[in-house]
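Structure record follows, encoded as structure tokens.
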């Protein structure tokens, strides 16, 4: 086999990594290199250094260490039965690329994942070597996200968590049955145990010793996971119910939803479809409602008969249209919890309403400069000088927000 | 009428000093004309002399933060607007939290513009190496064209990030130079002729390949990365071609027929099978069987089944209700808060945990998810019954001299009676397995009991029950059959 150039390796191993949606680089410990002895900083909120024409942010150098893999997961471009070109980076090549990209201000850090080669332990220990060299030899203080291999030895996971800002393991599909069908070598119970293990280590690392010393922090930016949507037949209720389970059980920072997208040399087991981007978008909206707006799972998935979210309108609006009896709300007196349920109002605009109404009564025009979408909100609120009248209960309210129905073409 | 011209470098401090002086002299906003350093110097006098010390002037902290951003905006009216608001805030301090006020809203939008410009500068500055890559301190340079005067407020970010290298960011407005750890701001520059950098080819390669042609969303890209920045970003040259070829690439992927697995697939899979047997080969068959248990629905939400732990020849078996949040994560019983309380009470009663076999009536954690928390739920009778299959297997294996059932669930599972626990605690009952069961409280009940006196009494009862258990198994106490406490 001829030796591949660095450019061709990078082409193969970034192409193989793009189906992982995660790109976050925020929420870790604050660091800088003002002492002149290292490279990099971390300031809480991450930075998107570029955007690809798919609208996704490029924050980290997202690559696979290798795309050789002994697993045969149908949805994955790197499965053993696929004929895509294969490549493998050396430890030094990954370290070099990361440092040189970082110095040119292209990236916030490294997101390293890998196919499984030989054994889970072998793969994980190579990934840990890369992180160790970045941190200890190059004094790199930027962001590192390592994908962990569920079956790897505990001491490798331990070291990975001390070197990296974030660890992640993908649950891949919404139900255990689907994982068994499409990823025969993966064990959902094993994946959950690995996530449980990360949560426990994080909690242990929070305790001070009797001398008051804090142990080094374990994966300070937390753990995340990804679910592929649209590859199996699970409905949105199943997807979101798995998410609430993961958030509450393992304190995940994020669950990423990735619309199943056609891959080069796809498997005959999976449908080749246009990726359900709108469904992915609605799932993210619902996920936000669950975490930041005080909604219960049943409230969101209970408003449609088939347990799937309405693709035409956002889930909060869908809920509000089914609960019109609670509206219109007076923005000058309604509670914070209820204001958060008004379609068009976000957490920030609600905060602004609360802080301003302490001083005076809000007029409709005031709301317009508070960041909310009044086009949506106006049907559900009253303010000084505004009442929606019959709008709230009008039969065509949904039609005002949903996209116009498409006329069927004869051809 | 006052004329005040502010310098291009150090604008924030100069504006603050000038505004403080004017406010000290009670000069109303209508009497001040503000200019930047681009106004002809003969038109304006300089800023007022050193400000008089006016400690009676109070400025809300939120205004200071707002002003420190807005002074860098390119709007020529920014200084005047800020001073006008500062003047109003003196008599109406609540204005800063009034998001409906038109002038506050305008300044907030200027602030947002500056923040966005700063953010884009942090993101889109692209350095090229201009020195020797092997030098102990490498050097880099960038050409950037910001929308507002953002170099000065953003330079510190680059100092914090690139502390071990020399760098300069040249812009038409102000240029920042960082050498040997010292930052220097200078006047603007013309676009420099920077040397080629081999890493740009690698970066463009990465940009091309991380793009997924099946999810083209051009508008989403452009709203975050407007075209005005493209000319100084090496990766932008790839964008038109990526957009143009995306639909055809996506179609080609969809139309390509599935191929046969490559030759190495079989041997790689064989390697995989060897790994499987390594991971799951466990000595204890029951543990493995329990792991796969789906006898009731509780396995769907839990992380894992939590088997009992302890020596299989233990004299005393302790049965609790079900694993909690911590036990579910760890896979071991009694490691959470209730377990710690149990350890305390057991130590007090003279029992060592290592000599006990600890288990639960139900082996999976039952909970409801509320936001980021899991709230414990009591198992139903049918769940307890189904799980008794495992409990009975454990009892048979360990064959303890005595079982201590903690709480109503354990009592139900071991004796079959679901009667109230308070009247039964401290007494010995006949177990379904044919042996003796001592009923006591569950430590989680003691943790939750209110007020403190009730909790303390419960703890004393619990300790007394464990002490009785110890005496029974060591033969110090009257044997269970002769115990006066036996009911019925």
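Every number here is computed from the coordinates shown, using simple stated rules; none is lab data. Predicted model only: the values in this text are computed from it and were never measured. Note that we place each Cβ from the backbone using ideal geometry, even for glycine, and neighbour counts take in every protein chain shown.
Side notes on the structure shown:
- Tilt relative to chain A, helix A:6-15 - C-alpha long axis, 0 to 90 degrees, to 10: 40
- With neighbour counts taken as other beta-carbon atoms within 10 Å, the residues B:422, B:233, B:406 rank, fewest first, as B:422, B:233, B:406.
- Label point at residue B:433 placed 7 Å out along Cα→Cβ; residues across region B:459-475 whose backbone nitrogen lies under 16 Å: B:473
- Ranked A:363, A:31, criterion: other C-beta atoms within 10 Å, fewest first: A:363, A:31
- Among A:162, A:391, A:309, the residue with the largest mean-square fluctuation in a Gaussian network model of chain A, with springs joining Cα atoms closer than 10 Å, is A:391.
- Between 0 and 90°, nearest 10: helix B:78-91 axis offset from chain B longest Cα axis: 60
- Potential lengthening between residue A:45 and residue A:364 on full extension [0.36 nm per residue; Cα-Cα distance subtracted]: 111.5 nm
- Global form of region B:300-453, assessed from the alpha-carbon gyration tensor, a/c cut-off 1.5: rounded
- Within region A:315-401, the proportion of C-alpha pairs whose separation exceeds 22 Å stands at 18%.
- Taking N as the residue count of the protein assembly as shown, its C-alpha radius of gyration divided by 2.2 N^0.38 Å amounts to 1.12.
- In the elastic network of chain A, a GNM with C-alpha springs shorter than 10 Å, the most mobile of A:324, A:400, A:341 is A:400.
- In chain B, the DSSP-assigned H stretches of four residues or longer account for a calculated mean residue ellipticity at 222 nm of -13000 deg cm²/dmol, using -39500 (n - 2.57) per stretch and the full residue count as denominator.
- Modelled spin-label separation between residue A:91 and residue B:201, with each label point placed 7 Å from Cα along the Cα-to-Cβ direction: 2.8 nm.
- Taking Cα atoms only, the orientation of helix B:337-348 departs from the longest principal axis of chain B by about 50 degrees.
- GNM on chain A, alpha-carbon springs under 10 angstrom: the most fluctuating residue among A:92, A:236, A:287 is A:92.
- The average projected area of chain A, computed from the convex hull of its Cα atoms over all directions, is 26.1 nm².
- Working from label points 7 Å from Cα in the Cα-to-Cβ sense, the residue B:309 to residue B:263 distance is 5.1 nm.
- All C-alpha to C-alpha distances of chain B, sorted into 10 Å bins beginning at zero, yield P(r) values of 3, 13, 15, 10, 9, 12, 15, 13, 7, 2, 0, 0 percent in whole numbers.
- Inter-label distance for residue B:344 and residue A:330, nm, one decimal - labels placed 7 Å from Cα along Cα-to-Cβ: 5.0
- Once the C-beta distance of residue B:448 and residue B:368 is scaled by a Förster radius of 22 Å, the resulting FRET efficiency is 0.80 to the nearest 0.05.
- Once the Cα-Cα distance is subtracted from the 0.36 nm per residue extended length, the residue B:332 to residue B:456 segment shows a gain of 41.9 nm.
- Per-residue ellipticity at 222 nm, computed for chain A from helices alone with -39500 (n - 2.57) per DSSP H run of at least four residues, works out to -10000 deg cm²/dmol.
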